[in-house]
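The values are calculated or read from the model by the stated rules, or taken from the named source; none is laboratory data. Model, not experiment: these values are computed from the prediction. Cβ sites come from the backbone with ideal geometry, for glycine too, and all protein chains shown count toward neighbours. What goes into the accessible areas is simple: the full protein's heavy atoms, side chains included, and nothing from ligands, DNA or RNA. Shrake-Rupley method; radii C 1.70, N 1.55, O 1.52, S 1.80 Å.
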Amino acid sequence: VKYATYHRENTKAWQQDVGRMDNWTYLADEDRWLCPAGQQLLFRRESKERTESGYEIRHRHYRSTSCEGCPLKVNCTKTAGDREIKVSLDYLRYKQQARERLKSEEGYALSVRRMHEPESVFGQMKNNRGFRRFLLRGLQK
(Lines give C-alpha, C1' and ligand atoms only; values in the text may rest on other atoms or scores of the structure.)
Protein backbone atom coordinates (compact mmCIF):
# COMPACT_ATOMS: atom_id res chain seq x y z
CA VAL A 1 0.00 0.00 0.00
CA LYS A 2 1.35 3.41 -0.93
CA TYR A 3 2.04 5.92 1.82
CA ALA A 4 0.47 9.38 1.79
CA THR A 5 3.15 11.35 -0.08
CA TYR A 6 4.28 8.62 -2.50
CA HIS A 7 2.99 10.26 -5.69
CA ARG A 8 3.88 13.83 -4.67
CA GLU A 9 7.51 12.84 -3.99
CA ASN A 10 7.98 12.04 -7.68
CA THR A 11 6.95 15.52 -8.87
CA LYS A 12 9.51 18.10 -9.95
CA ALA A 13 8.14 20.71 -7.52
CA TRP A 14 8.64 18.36 -4.54
CA GLN A 15 12.19 17.44 -5.56
CA GLN A 16 13.23 21.08 -6.02
CA ASP A 17 11.69 22.38 -2.77
CA VAL A 18 14.65 23.29 -0.53
CA GLY A 19 12.43 23.47 2.54
CA ARG A 20 11.55 19.75 2.42
CA MET A 21 13.63 17.57 4.64
CA ASP A 22 13.41 14.76 2.05
CA ASN A 23 15.78 16.79 -0.15
CA TRP A 24 18.40 17.12 2.57
CA THR A 25 21.30 14.84 3.40
CA TYR A 26 21.45 12.90 6.66
CA LEU A 27 24.90 11.96 7.95
CA ALA A 28 24.19 9.00 10.22
CA ASP A 29 27.72 8.58 11.55
CA GLU A 30 27.78 12.20 12.78
CA ASP A 31 24.02 12.41 13.53
CA ARG A 32 23.44 15.67 11.68
CA TRP A 33 21.54 16.96 8.65
CA LEU A 34 22.86 19.08 5.78
CA CYS A 35 20.50 21.48 4.03
CA PRO A 36 20.92 22.31 0.31
CA ALA A 37 22.81 25.51 1.23
CA GLY A 38 25.38 23.45 3.17
CA GLN A 39 24.15 24.51 6.61
CA GLN A 40 24.51 21.89 9.36
CA LEU A 41 21.59 21.03 11.62
CA LEU A 42 22.91 19.55 14.85
CA PHE A 43 21.06 17.29 17.29
CA ARG A 44 19.48 19.18 20.21
CA ARG A 45 17.13 16.85 22.10
CA GLU A 46 14.82 13.86 21.87
CA SER A 47 11.11 13.84 22.68
CA LYS A 48 8.40 11.19 22.91
CA GLU A 49 4.80 11.40 21.77
CA ARG A 50 2.03 8.88 22.33
CA THR A 51 -0.76 8.48 19.76
CA GLU A 52 -4.40 7.73 20.60
CA SER A 53 -3.81 4.05 19.89
CA GLY A 54 -0.94 3.98 22.39
CA TYR A 55 1.93 3.87 19.90
CA GLU A 56 4.97 5.79 21.09
CA ILE A 57 6.79 7.98 18.56
CA ARG A 58 10.32 9.15 19.28
CA HIS A 59 11.25 12.46 17.65
CA ARG A 60 14.75 13.86 17.33
CA HIS A 61 15.05 17.65 17.18
CA TYR A 62 17.77 19.31 15.11
CA ARG A 63 18.64 23.01 14.80
CA SER A 64 20.95 24.93 12.50
CA THR A 65 23.78 26.94 13.95
CA SER A 66 23.10 30.10 11.97
CA CYS A 67 20.78 30.81 9.02
CA GLU A 68 21.66 34.50 8.80
CA GLY A 69 22.69 35.52 5.32
CA CYS A 70 21.55 32.25 3.76
CA PRO A 71 20.28 32.84 0.19
CA LEU A 72 17.79 29.94 0.50
CA LYS A 73 16.27 31.01 3.83
CA VAL A 74 13.23 32.65 2.20
CA ASN A 75 12.33 29.36 0.47
CA CYS A 76 13.36 27.18 3.41
CA THR A 77 11.58 28.65 6.44
CA LYS A 78 9.24 31.45 7.51
CA THR A 79 10.71 31.90 10.99
CA ALA A 80 12.96 34.78 11.93
CA GLY A 81 15.50 32.57 13.74
CA ASP A 82 17.34 29.44 12.82
CA ARG A 83 15.73 26.42 11.16
CA GLU A 84 14.63 23.59 13.46
CA ILE A 85 13.28 20.22 12.35
CA LYS A 86 11.61 17.35 14.18
CA VAL A 87 12.40 13.91 12.75
CA SER A 88 11.26 10.39 13.46
CA LEU A 89 14.09 8.18 12.19
CA ASP A 90 11.87 5.08 12.51
CA TYR A 91 9.28 6.69 10.22
CA LEU A 92 11.94 7.57 7.65
CA ARG A 93 13.26 4.00 7.73
CA TYR A 94 9.76 2.50 7.26
CA LYS A 95 9.07 4.95 4.45
CA GLN A 96 12.31 3.97 2.69
CA GLN A 97 11.42 0.27 3.02
CA ALA A 98 7.97 0.90 1.54
CA ARG A 99 9.46 2.94 -1.30
CA GLU A 100 11.90 0.14 -2.15
CA ARG A 101 9.14 -2.48 -2.09
CA LEU A 102 6.83 -0.36 -4.27
CA LYS A 103 9.56 0.28 -6.84
CA SER A 104 10.55 -3.39 -7.09
CA GLU A 105 9.10 -5.53 -9.88
CA GLU A 106 7.01 -7.60 -7.48
CA GLY A 107 5.71 -4.53 -5.63
CA TYR A 108 4.76 -2.81 -8.87
CA ALA A 109 2.90 -5.92 -10.04
CA LEU A 110 0.97 -6.11 -6.75
CA SER A 111 0.02 -2.43 -6.86
CA VAL A 112 -1.23 -2.76 -10.44
CA ARG A 113 -3.22 -5.83 -9.43
CA ARG A 114 -4.74 -3.94 -6.51
CA MET A 115 -5.82 -1.11 -8.79
CA HIS A 116 -7.75 -3.53 -10.99
CA GLU A 117 -9.31 -5.87 -8.45
CA PRO A 118 -11.02 -4.06 -5.52
CA GLU A 119 -10.61 -0.39 -6.40
CA SER A 120 -12.62 -0.62 -9.62
CA VAL A 121 -15.56 -2.18 -7.75
CA PHE A 122 -15.74 0.74 -5.33
CA GLY A 123 -15.42 3.16 -8.24
CA GLN A 124 -18.39 1.53 -9.97
CA MET A 125 -20.49 1.66 -6.82
CA LYS A 126 -19.68 5.29 -6.11
CA ASN A 127 -19.93 6.66 -9.63
CA ASN A 128 -22.58 4.57 -11.40
CA ARG A 129 -24.83 3.64 -8.50
CA GLY A 130 -24.56 6.89 -6.54
CA PHE A 131 -23.23 5.40 -3.29
CA ARG A 132 -21.52 8.12 -1.31
CA ARG A 133 -21.59 6.62 2.19
CA PHE A 134 -21.36 3.12 3.55
CA LEU A 135 -23.03 3.33 6.95
CA LEU A 136 -24.00 -0.24 7.82
CA ARG A 137 -21.52 -2.70 9.30
CA GLY A 138 -21.82 -6.35 10.28
CA LEU A 139 -23.41 -9.41 8.74
CA GLN A 140 -26.94 -8.91 10.11
CA LYS A 141 -27.25 -5.45 8.51
Checklist entry - Under the classification rounded if a/c is under 1.5, otherwise prolate if a/b is larger than b/c and oblate if not, where does the range 1-72 fall, given a ≥ b ≥ c as square roots of the Cα gyration tensor eigenvalues? => result oblate
Checklist entry - What whole number of Å gives the distance from the Cα centroid of the range 59-130 to the Cα centroid of the range 1-44? => result 11 Å
Checklist entry - Zone of residue 122 (label point 7 Å along Cα→Cβ, backbone N under 12 Å): which residues in the range 1-20? => result 2
Item to check | DSSP H segments from the chain that extend 27 Å or more along their own axis, Cα-based, with Kyte-Doolittle mean of -1.0 or above | outcome: none
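What FRET efficiency, computed as 1/(1 + (r/R0)^6) with R0 = 22 Å and r the Cβ-Cβ distance, is obtained for residue 108 and residue 88, rounded to the nearest 0.05? Let's see the in-between values first.
Working: r = 27 Å, r/R0 = 1.22.
Working from the Cβ atoms, E equals 0.25.
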Checklist outcome for this item: The farthest towards the positive end of the charge dipole of the range 53-141, of the residues 122, 72, 102, given +1 on Cβ of Lys and Arg and -1 on Cβ of Asp and Glu, is 122
Checklist outcome for this item: Checked against the positive end of the charge dipole of the chain (+1 on Cβ of Lys and Arg, -1 on Cβ of Asp and Glu, about the Cα centre), the farthest of 92, 112, 41 is 112
Item to check | Probe 1.4 Å - accessible area at residue 73, Å² to nearest ten | outcome: 40 Å²
